[in-house]
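All remarks here apply to the structure that follows.
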Amino acid sequence: MAEQYTPKDFKSNQEIRWCPGCGDHGIINSVQKAMAELGYPKESWAVISGIGCSSRFPYYMNTYGFHTIHGRAAAIASGAKSANPKLNILQVSGDGDALAIGGNHFIHAIRRNIDITTLVFNNEIYGLTKGQYSPTTKLGTKTKTSPYGTIETPFNPGELVIGAQGKFFARTLDMNINLSAEVIEAGVRHKGTAVVEILQNCVIFADGAHAAITDKEMKEERQLILRHGEPMVFGKNKDKGIMFDMKAGKLKVVEIGKDGITLDDIMVHDAHSVNPSIHWMLVHMKAPEYPVALGVIRDVEGTTYNDALEAQIEDVKAKSSIRCVEDLLNSGDVWEVK
């Protein structure tokens, strides 16, 4: 039976020291809301972070937590889950922590399908180290380390997840607390590695990085909130949708009621499709040509590393002739010293 909690139950007594207006404030509210609604025992949660503004998270949570080192949160989270499969592990990383120094751990945790939920706070900048460009910084952006504009093509986190054989990927916005809580809950319930990219605003070093889709006047025209089994409809008047252009082999934006197009012509989102082709196209949609896809984009079942590990251990134990320490010490080549 689920426990009865409120978000307040997951708040620690520590003073939150993020900058006023930072998107992290909205994210932590979403996480605490999701935890309360899931109703899992408080002692089953472990929040594990790396280094960066986002990685202060464990201090502000009334759960078990571990503030690790730069880029190694996924490695620590993987070990913790393997040692104690009953834990609900939330790994918290920024775009630099997860995708730069932590990139190797990130893709291999996904490939192994370890049962953890990874939140990637994507503000497209290194905030704690004062404004250097990160792996997700838009091409041409001027920063402390690219005063004439970046010359590097940024990573797309969703593309990385799918390319690493990921089974779950969702995207949300820091300011949309209800949607964020919804996709975090879905990620925690998913068996395997669940990655949630949270488009987060850094008011100091990258203010407005996501303004193209968060601007009040344009957000309804540039945000496509996906839900499994529902048509891909968006727009202020819900009069726009996504169709697949067979001739061009790509997605296209159409207007419902124009050129004979009806709601029945709009694609229905299938988050559970094993074939990642449409999911791949969805994670690549960018404003202003397309709306940006939010919500659970991919949610596919697969064997988890943890289940495979436990099954292997039980199989080896069943076949082993070693039943105690004495059996172990007397196994293999044994010499008697006189």
Quiz item: How about segment 212-267: which of its residues are closer than 17 Å to residue 279 by Cα and of a type in the set (D, E, K, R)?
Solution: 227, 230, 245, 250, 252
Practice problem: Tell me, please, whether a residue that is of a type in the set (A, V, I, L, M) and in a loop (DSSP other than H, G, I, E, B) can be found in segment 183-202. | Solution: no
Quiz item: Limited to segment 124-150, what total is found for residues that are assigned to a loop (DSSP other than H, G, I, E, B) and touching a helix residue (DSSP H, G or I) at 6+ places or on another chain (Cβ under 7 Å)?
Solution: 4
Quiz item: With 50, 94 as the choices, which residue is free of Cβ contacts under 8 Å to residues at least 60 places away in the same chain, in contact with a Cys (Cβ under 8 Å, 6 or more places away or on another chain) and buried (at least 20 other Cβ atoms within 10 Å of the Cβ)?
Solution: 94
Self-check item: Filtered residues of segment 225-248 (kept if small (Gly, Ala, Ser) and at pLDDT below 95)
Solution: 248
Quiz item: Residue check: is residue 177 open to solvent by 10 Å² or more (accessible area, probe 1.4 Å), touching a residue at least 12 places away in the same chain (Cβ under 8 Å) and under 23 Å from residue 75 (Cβ atoms)?
Solution: no
Quiz item: For the subset of segment 228-257 comprising residues that are without any contact (Cβ under 8 Å) to a residue 12 or more places away in the chain and either part of a strand (DSSP E or B) or closer than 16 Å to residue 286 by Cα (or both), which member is nearest to the chain's Cα centre (by Cα)?
Solution: 252
Exercise. Scan (1) closer than 18 Å to residue 97 by Cα; (2) part of a loop (DSSP other than H, G, I, E, B); (3) hydrophobic (A, V, I, L, M, F, W, C) for the single condition residue 175 breaks and write down its number.
Key: (1)
Quiz item: Out of curiosity, is residue 316 among the aliphatic types (A, V, I, L, M) and over 33 Å from the mean Cα position of the chain (by Cα)?
Solution: yes
Quiz item: Inside segment 144-155, can you point out the residues that are open to solvent by 20 Å² or more (accessible area, probe 1.4 Å) and either under 11 Å from residue 276 (Cα atoms) or touching a strand residue (DSSP E or B) at 6+ places or on another chain (Cβ under 9 Å) (or both)?
Solution: 144, 145, 152
Self-check item: Among (1) open to solvent by 30 Å² or more (accessible area, probe 1.4 Å); (2) closer than 21 Å to residue 28 by Cα - the single one residue 83 does not satisfy
Solution: (2)
Quiz item: Any idea which residue in segment 98-125 is nearest to residue 77 (Cα to Cα), counting only those that are open to solvent by 30 Å² or more (accessible area, probe 1.4 Å) and out of contact with any His (no Cβ under 8 Å at 6 or more places or on another chain)?
Solution: 105
Practice problem: Evaluate segment 151-166: report whether one residue or more is without any contact (Cβ under 8 Å) to a residue 60 or more places away in the chain, in a loop (DSSP other than H, G, I, E, B) and touching an Asp or Glu at 6+ places or on another chain (Cβ under 6 Å). | Solution: no
Self-check item: Unique match (being in a loop (DSSP other than H, G, I, E, B), out of contact with any His (no Cβ under 9 Å at 6 or more places or on another chain) and open to solvent by less than 100 Å² (accessible area, probe 1.4 Å)) among 313, 322, 225
Solution: 322
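The values are calculated or read from the model by the stated rules, or taken from the named source; none is laboratory data. Quick caveat, the model's predicted, so the values are computed rather than measured. Glycine also receives a Cβ, built like all others from the backbone with ideal geometry; neighbour counts cover every protein chain displayed. Quick note on the areas: whole protein, heavy atoms, side chains included, nothing else; ligands and nucleic acids left out. Shrake-Rupley method; radii C 1.70, N 1.55, O 1.52, S 1.80 Å.
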